[in-house]
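Q: Here's a structure for you.
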Amino acid sequence: MAVQRLDRGDLWKNKARVLQLQLRQRFRVAVDRHRPSVLADRYFSSSVQRWLRRFRDFRRDSLPSSSSFYRKKVSKDFDVEVDSAIFRMLQAVAVPLIGNVCHVFMNGLNRVQVYGLEKLHDALLNRPKNKPLITVSNHVASVDDPFVIASLLPPRVLLDAQNLRWTLCASDRCFSNPVTSAFFRSVKVLPVSRGDGIYQMGMDMAISKLNTGGWVHIFPEGSRSRDGGKTVRSSKRGVGRLVLDADSTPIVLPFVHTGMQDVMPIGANFPRIGKTVTVLIGDPIIFDDLLNSEEATEASRGKLYDAVASRIGHQLHNLKVKVDKLALEQSIRLENHNKDGAERAANILHQVDLDPFGLGSHEYIRYESLVEETRTKLNDMSPEEATADVYTRTGYSCEGGIGSRIRSYMDPTELMGFAARGLLMNCRSKEKYSDTSDIRPLKTWK
């Protein structure tokens, strides 16, 4: 009996091993290796525990390694259920509304200086049908998208919600509750989870948009700049997967901006106005030499992702150096223009104030010299002589000045009468105020 039991045990072991090999060849089962054991070990014999261990090892070995990369094909209708008709209706309303508001804010309350704008318009409007487009840029402020994107597009393009960009956002920031989730989905934002790798659902959804000829905007750095936009960090390999795993190689257009750190500083709750943002759009990045080379056919998928991401990061770094130089030159030019404008305004104001009174240019110089000469004489006179002399000198000695203008508009007889009344008043004031120290300010003015 004991021999028969051993034979039966060996027979069942062999059958289980054959079944295990067949399952390994036909199925790939993904399980959570950290799931706690529900059943205690004391309820099972050692043989059953050994079979459970082998089964767990079998399922663990069937999982793909976290360091292995492969091409994961995504169908065009991958997220048809998620992209329902209700959300398409919301997108048709929310995307043009928010886009035009951001466009007015950036171009009306701020100043946007763009270099190479025709490259973006050509890639967006004139690319072949069903040709996907990926735009990449540096990430400085939390409102880079949609503020910068909206400022680069004309209002007529912003009204076409179907052909506008899709973008990615961390689920813990934009999809933390049902309200924010519904809002960001209505403005064409796809959720991605930090730390879930490049084969997660959000990346698959982005690739499905590219497979239908859509436009996806992504920040290759993965998160906002840590130094306020001074530098551009290295690009993540997720952008490499978007480029390589799409059915058709997309157009990759880079652009870099500076100044958004002033529009939306770190920790600010509302954007600022009156700032200047400079945007430089580069040429489309070409990957033909990288994808068609002999080394590419032999290289692993992970190395290809890294090579594409490295080329994109290098291009963004070069554009960052150029846009900083353009922004510095623009600020210097604007400062000099403001200085020249202030000088011209002062000269114009000087002429406007003096010309109607005959005190323009050379006449004003002669008048100033006469005033200085009179001031010197008054210093040498006694108080009585100075008072009389002040009342008789009213500025009529300046030829071509106020006196000449008055004489040209007054009859000579009236002018002589006016002068006589002035002399009479001068004599009375001399008799009444013999001591100038007794003259009060009001009487002196009269």
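Q: Working only within segment 90-124, note down all residues that are open to solvent by 60 Å² or more (accessible area, probe 1.4 Å), closer than 30 Å to Thr249 by Cα and touching a strand residue (DSSP E or B) at 6+ places or on another chain (Cβ under 9 Å).
A: Selection gives Tyr115, Glu118, Lys119.
Q: For segment 288-309, state whether one or more residues are in a strand (DSSP E or B), in contact with a helix residue (DSSP H, G or I) (Cβ under 9 Å, 6 or more places away or on another chain) and not aromatic (Phe, Trp, Tyr).
A: Checking segment 288-309: not a single residue is in a strand (DSSP E or B), in contact with a helix residue (DSSP H, G or I) (Cβ under 9 Å, 6 or more places away or on another chain) and not aromatic (Phe, Trp, Tyr).
Q: Can you find a residue in segment 125-145 that is over 11 Å from the mean Cα position of the chain (by Cα), crowded, with 22+ Cβ neighbours inside 10 Å and more than 20 Å from Val277 (Cα to Cα)?
A: yes
Q: Among the listed residues Val3, Val74, identify the single one that is modelled with pLDDT under 70, of a type in the set (Val, Ile, Thr) and either within 30 Å of Lys303 (Cβ to Cβ) or open to solvent by 60 Å² or more (accessible area, probe 1.4 Å) (or both).
A: Val3
Q: Looking at Lys230, Lys236, can you tell me which residue is within 30 Å of Asp172 (Cβ to Cβ), of a type in the set (Lys, Arg), part of a loop (DSSP other than H, G, I, E, B) and without any contact (Cβ under 8 Å) to a residue 24 or more places away in the chain?
A: Numbers: Lys236 fails: without any contact (Cβ under 8 Å) to a residue 24 or more places away in the chain.
The conditions single out Lys230.
Q: Ok, one more. Residue check: is Lys339 within 26 Å of Thr135 (Cα to Cα) and either at pLDDT below 90 or in a helix (DSSP H, G or I) (or both)?
A: no
Q: Additional query: What tally of residues in segment 213-255 results from selecting those that are touching an Asp or Glu at 6+ places or on another chain (Cβ under 9 Å) and of a type in the set (Val, Ile, Thr)?
A: 2
Q: Going through Arg173, Arg165 one at a time, which residue ends up being surrounded by fewer than 17 Cβ atoms within 10 Å (Cβ to Cβ) and either acidic (Asp, Glu) or free of Cβ contacts under 8 Å to residues at least 60 places away in the same chain (or both)?
A: Sole residue among the options that is surrounded by fewer than 17 Cβ atoms within 10 Å (Cβ to Cβ) and either acidic (Asp, Glu) or free of Cβ contacts under 8 Å to residues at least 60 places away in the same chain (or both): Arg173.
Q: Does segment 181-227 hold any residues that are β-branched (Val, Ile, Thr) and either loosely packed, with under 13 Cβ neighbours inside 10 Å or touching a residue at least 24 places away in the same chain (Cβ under 8 Å) (or both), and which are they?
A: Those that are β-branched (Val, Ile, Thr) and either loosely packed, with under 13 Cβ neighbours inside 10 Å or touching a residue at least 24 places away in the same chain (Cβ under 8 Å) (or both): Val187, Val192, Ile198, Ile207, Thr212, Val216, Ile218.
Q: Looking at the structure I just gave you, is Leu354 touching a Phe, Trp or Tyr at 6+ places or on another chain (Cβ under 7 Å), over 26 Å from Leu242 (Cα atoms), surrounded by 15 or more Cβ atoms within 10 Å (Cβ to Cβ) and at pLDDT 65 or above? Break it down into steps so the answer makes sense when it comes.
A: On the way: touching a Phe, Trp or Tyr at 6+ places or on another chain (Cβ under 7 Å): yes; over 26 Å from Leu242 (Cα atoms): yes; surrounded by 15 or more Cβ atoms within 10 Å (Cβ to Cβ): yes; at pLDDT 65 or above: no.
When the stated conditions are applied, Leu354 does not pass them.
Q: Evaluate the following for Ile251: is it open to solvent by less than 30 Å² (accessible area, probe 1.4 Å), within 18 Å of Gly313 (Cα to Cα) and touching a residue at least 12 places away in the same chain (Cβ under 8 Å)?
A: Answer is no for this residue.
The values are calculated or read from the model by the stated rules, or taken from the named source; none is laboratory data. The structure displayed is predicted, hence computed values, not measured ones. Cβ sites come from the backbone with ideal geometry, for glycine too, and all protein chains shown count toward neighbours. Just so you know, the surface numbers come from the protein's heavy atoms only, side chains and all, with ligands and any DNA or RNA stripped out. Shrake-Rupley method; radii C 1.70, N 1.55, O 1.52, S 1.80 Å.
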